[in-house]
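One structure is given below, encoded as structure tokens.
The values are calculated or read from the model by the stated rules, or taken from the named source; none is laboratory data. The structure displayed is predicted, hence computed values, not measured ones. Cβ sites come from the backbone with ideal geometry, for glycine too, and all protein chains shown count toward neighbours. Side chains included, ligands, DNA and RNA excluded: accessible areas come from the protein's heavy atoms. Shrake-Rupley method; radii C 1.70, N 1.55, O 1.52, S 1.80 Å.
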Amino acid sequence: MTTKVIVAGGGIGGVASALALSKRGAEVTVLESAPEFGEVGAGLQIGPHGSRILQEWGVFDEVVARGVLPKNLVFRDAITAEELTRLDLGADFQRHYGGVYFVVHRSDLHSALVTAARAAGADLRTDSRVVDVVTEGDGVRVTLADGEELTGDVALGMDGLKSTLRAKLSEDEPVGSGYAAYRGTFPIDQVPFAADIEDVIGYIGPGCHFIQYPLRGGAMLNQVAVFHSPGYERGEVEWGGPSELDDAFARCHPTVRAATEHLWRDRWWPMYDREPISDWVDGRMLLLGDAAHPPLQYLASGAVMALEDARSIADHIPADAADWPTALAAVNAVRAPRCNRIMSTGRMWGELWHLDGAGRVARNELFRLVRGDGAYKYTDWLWSPQSA
Ligand SMILES: Cc1cc2nc3c(=O)[nH]c(=O)nc-3n(C[C@H](O)[C@H](O)[C@H](O)COP(=O)(O)OP(=O)(O)OC[C@H]3O[C@@H](n4cnc5c(N)ncnc54)[C@H](O)[C@@H]3O)c2cc1C
């Protein structure tokens, strides 16, 4: 008999799970609270750990056609603009990792997954806010805000950083990092310095960093500015506003300051993660994606972890629905150590990027020493096929 899976949340993680599970024959319903499917925001970097999965699902060609294959990953000091290190993302890299590193607009990735999930038979519903999931006997009962109830064999809680369903497992709250992100995507011909950018470039500086890369076949430039907010330190409720943005980058090289002119200034994203938790299972419900393991974004792997989760749950569909509890425990057991390591390493990576004084000097010296194939030893744990 077909197994029935209900997914709470239709972000990248929820629709990717719908695709992976439907392709394996499950009957999947995704319940998304928003009135439409879509992704707010700008670009995403997808490392080889994500691109290999998109290849397995048969959506890679379409997604990458909407993105860009950057030539290098380049780190520069934000104050001097000096190049510190670069990782060539070409043929050697792709051979080593069995996949490419690419960048794509989040809405392009999301819409490709939505289309593929629907084509695979998944039922994707909007305007459907999940308020509760209860395990009853051999199944789950999912309650929506309008009172409607659905039943299934199992449920996935993929309702994001501010997850409602996580409260069934943990009393923890999102942890503010004190950093705010400004983003912006603009047609490349509207940005004077952008035409030659063919890399992912990260300027790292004291309490701030700035990321640039092209999108949509090079037609757009994507930029992200992240900085530590004095308003957060003062305990203000509304912290990270535009008045803080220019001050945060005042010490940076003119190249970086000029680039900050090309950001959306009417909205910004306070950066939160959570303390890692290891138990993601409540009866027949499993938390996945940001609901289970929301990282700070420094390793560019939050969305990729959600893709890995989707593949993992599809790999564990039991032949008999009675065996779902064992399957959920198995997914939890393989995914939690990896995701929690990415979360804690991401926090450290952010600290390294944002050093000032002697720490910055030592960091820069270390980065200058890391070049060529030898650099893979630092990233194999994250990107190699054996890592997930
Ligand atoms: C600035 C920034 C840059 C980033 N860059 C990268 C990157 O380069 N690479 C990368 O891999 N990751 C990156 N990430 C992380 C990535 O965006 C997230 O990890 C990823 O989007 C998580 O997907 P998700 O589906 O688990 O959660 P979400 O995207 O948060 O989706 C959750 C969905 O659930 C819905 N929902 C919420 N509550 C309910 C409810 N009660 N009922 C029903 N639906 C509900 C929401 O509307 C939403 O659609 C970045 C994040 C940030 C903030």
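Descriptive notes on the structure:
- Which numbered condition G38 fails, given (1) touching a Ser or Thr at 6+ places or on another chain (Cβ under 7 Å); (2) of a type outside the set (V, I, T); (3) modelled with pLDDT of 95 or more; (4) within 16 Å of the ligand (Cβ to nearest atom): (3)
- Scanning the stretch 12-29 turns up no residue that is part of a loop (DSSP other than H, G, I, E, B), within 15 Å of the ligand (Cβ to nearest atom), open to solvent by 10 Å² or more (accessible area, probe 1.4 Å) and within 16 Å of D290 (Cβ to Cβ).
- Checking every residue in the stretch 276-294 against the condition of being free of Cβ contacts under 8 Å to residues at least 12 places away in the same chain and either within 15 Å of the ligand (Cβ to nearest atom) or of a type outside the set (D, E, K, R) (or both) gives zero matches.
- Meets criteria (more than 19 Å from L296 (Cα to Cα), among the basic types (K, R) and not in a helix (DSSP H, G or I)) for R141: yes
- Selection within the stretch 354-374: residues that are buried (at least 16 other Cβ atoms within 10 Å of the Cβ) and out of contact with any helix residue (DSSP H, G or I) (no Cβ under 7 Å at 6 or more places or on another chain). The member of this set that is farthest from P48 (Cα to Cα) is R360.
- Residues of the stretch 353-388 satisfying the condition of being touching a Phe, Trp or Tyr at 6+ places or on another chain (Cβ under 9 Å) and either among the aliphatic types (A, V, I, L, M) or in a loop (DSSP other than H, G, I, E, B) (or both): H354, V370, S384, P385, S387
- Among residues of the stretch 283-317, those that are open to solvent by 20 Å² or more (accessible area, probe 1.4 Å) and either over 23 Å from the mean Cα position of the chain (by Cα) or of a type in the set (D, E, K, R) (or both), counted: 5
For (1) at positive phi; (2) away from the ligand (no atom under 16 Å from the Cβ), each residue gets a yes or a no:
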residue: G157; (1), (2): no, no
residue: D172; (1), (2): no, yes
residue: I201; (1), (2): no, no
residue: M220; (1), (2): no, no
residue: G235; (1), (2): yes, yes
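- Number of the condition not met by C252 [criteria: (1) within 15 Å of the ligand (Cβ to nearest atom); (2) assigned to a loop (DSSP other than H, G, I, E, B)]: (1)
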